[in-house]
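Single-structure report; data block below.
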Amino acid sequence: GQSLEQPSEVTAVEGAIVQINCTYQTSGFYGLSWYQQHDGGAPTFLSYNGLDGLEETGRFSSFLSRSDSYGYLLLQELQMKDSASYFCAVRAAVENTGRRALTFGSGTRLQVQP
Amino acid sequence: GAGVSQSPSNKVTEKGKDVELRCDPISGHTALYWYRQSLGQGLEFLIYFQGNSAPDKSGLPSDRFSAERTGGSVSTLTIQRTQQEDSAVYLCASSYSGGSNIQYFGAGTRLSVL
């Protein structure tokens, strides 16, 4: 099976930079994704890393190190609207099916303060 | 449609009753997923449909849970003889194919079992 660990809560101030870490244990790894979910809302896709390195999309960047089974989401120039939960999700092979499934972490609740 | 649509948005039911939750995926998406999210928790995989293949039901928590997908489009998740522990938000997601790295989520159905 798969397991993921990420901090439960992070607090930061507007304009700051925050890094949300995610470590995982899995077999048949195919990539790490990040999703954002505002309270009461639907999770929305932020980024995907299939290979080692940094992917940048505007204020958000995501990093992956497959050798360390580790990734992070970096949010720069924080805004109040960034207050949400952030989930890492590992894409891995499901035993006996050949299917590649997403397994989600428990989420990190980010609170941005003025 | 423009996005994944779920209905109802809220459902309150009495213990022991059956409920049906509906998901209308993005047009043209062949893969459809159901997840369950308890308050403050991550997403728990329930079932996956891909085209005309047999669904992956490995995440269904008990035989009271079932799902079908008609015509490769709309899906219905049925919970029979609901229990209080079934109270959660039930999220549906679709993707262009089972190999896609991005899943698009609906806003969910919040189920409360009294």
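Here are the numbers:
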quantity: Estimated FRET transfer efficiency (B:Ser53, A:Glu5; beta-carbon r; R0 45 Å; 0.05); calculated: 0.90
quantity: Counted charge near B:Asp24, where neighbours are those whose Cβ lies closer than 15 Å (Asp, Glu -1; Lys, Arg +1); calculated: 0
quantity: Between the range A:7-29 and the range A:63-112, the Cα center-to-center distance that results, in Å; calculated: 7 Å
quantity: Amide H within-cut-off set for A:Gln2, under 5 Å, with H built and near neighbours excluded; calculated: none
quantity: Per-residue HN-Hα couplings for the range B:59-66 [Karplus 6.51, -1.76, 1.60; θ = phi - 60°; Hz; x = Gly/Pro]; calculated: x, 5, x, 7, 6, 7, 9, 8
quantity: Karplus 3J(HN,Hα) series, Hz, for the range B:94-103 with 6.51 cos²θ - 1.76 cosθ + 1.60 (x for Gly, Pro); calculated: 9, 9, 4, 8, x, x, 5, 8, 10, 10
quantity: Formal net charge of residues neighbouring A:Gly28 (Cβ-Cβ distance under 13 Å; K, R +1; D, E -1); calculated: +3
quantity: Accessible heavy-atom area order of B:Asp86, A:Asp52, A:Asp68, B:Asp24, highest first, probe of 1.4 Å; calculated: A:Asp68, A:Asp52, B:Asp24, B:Asp86
quantity: Given charges at beta-carbon only (K, R positive; D, E negative), |dipole| of chain B in Debye; calculated: 120 debye
quantity: Residues whose placed amide H lies under 5 Å from that of B:Ala88, excluding near-sequence neighbours; calculated: B:Leu111
quantity: Alpha-carbon centroid distance for the pair the range B:15-54 / the range B:82-112, whole angstrom; calculated: 5 Å
quantity: Compactness index (Cα Rg / 2.2 N^0.38 Å), chain B; calculated: 0.99
quantity: Förster radius 30 Å - calculated FRET efficiency between A:Tyr70 and A:Glu14, Cβ distance, rounded to 0.05; calculated: 0.60
quantity: Rounded FRET efficiency, nearest 0.05, which uses the C-beta distance separating A:Ala93 from B:Lys15 and R0 of 41 Å; calculated: 0.60
quantity: Solvent-accessible area buried by pairing B with A, both sides, nearest 100 square angstrom, 1.4 angstrom probe; calculated: 1500 Å²
quantity: Residue-count net charge about A:Leu78 - beta-carbon cut-off 12 Å; Lys, Arg +1, Asp, Glu -1; calculated: -1
quantity: Relative contact order [Cα under 8 Å, 6+ residues apart], the range B:6-114, whole percent; calculated: 39 percent
quantity: Percent RCO, i.e. relative contact order, over the range B:1-65, from Cα pairs under 8 Å lying at least 6 residues apart; calculated: 22 percent
quantity: Probe 1.4 Å, protein heavy atoms only - accessible area per residue of the range B:24-103 in square angstrom; calculated: 43 Å²
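The values are calculated or read from the model by the stated rules, or taken from the named source; none is laboratory data. These figures come from a predicted structure and were not determined experimentally. Reconstructed Cβ throughout: ideal geometry from the backbone, glycine too, with neighbour counts over all protein chains shown. Areas reflect the complete protein model, heavy atoms only, side chains present, ligands, DNA and RNA absent. Shrake-Rupley method; radii C 1.70, N 1.55, O 1.52, S 1.80 Å.
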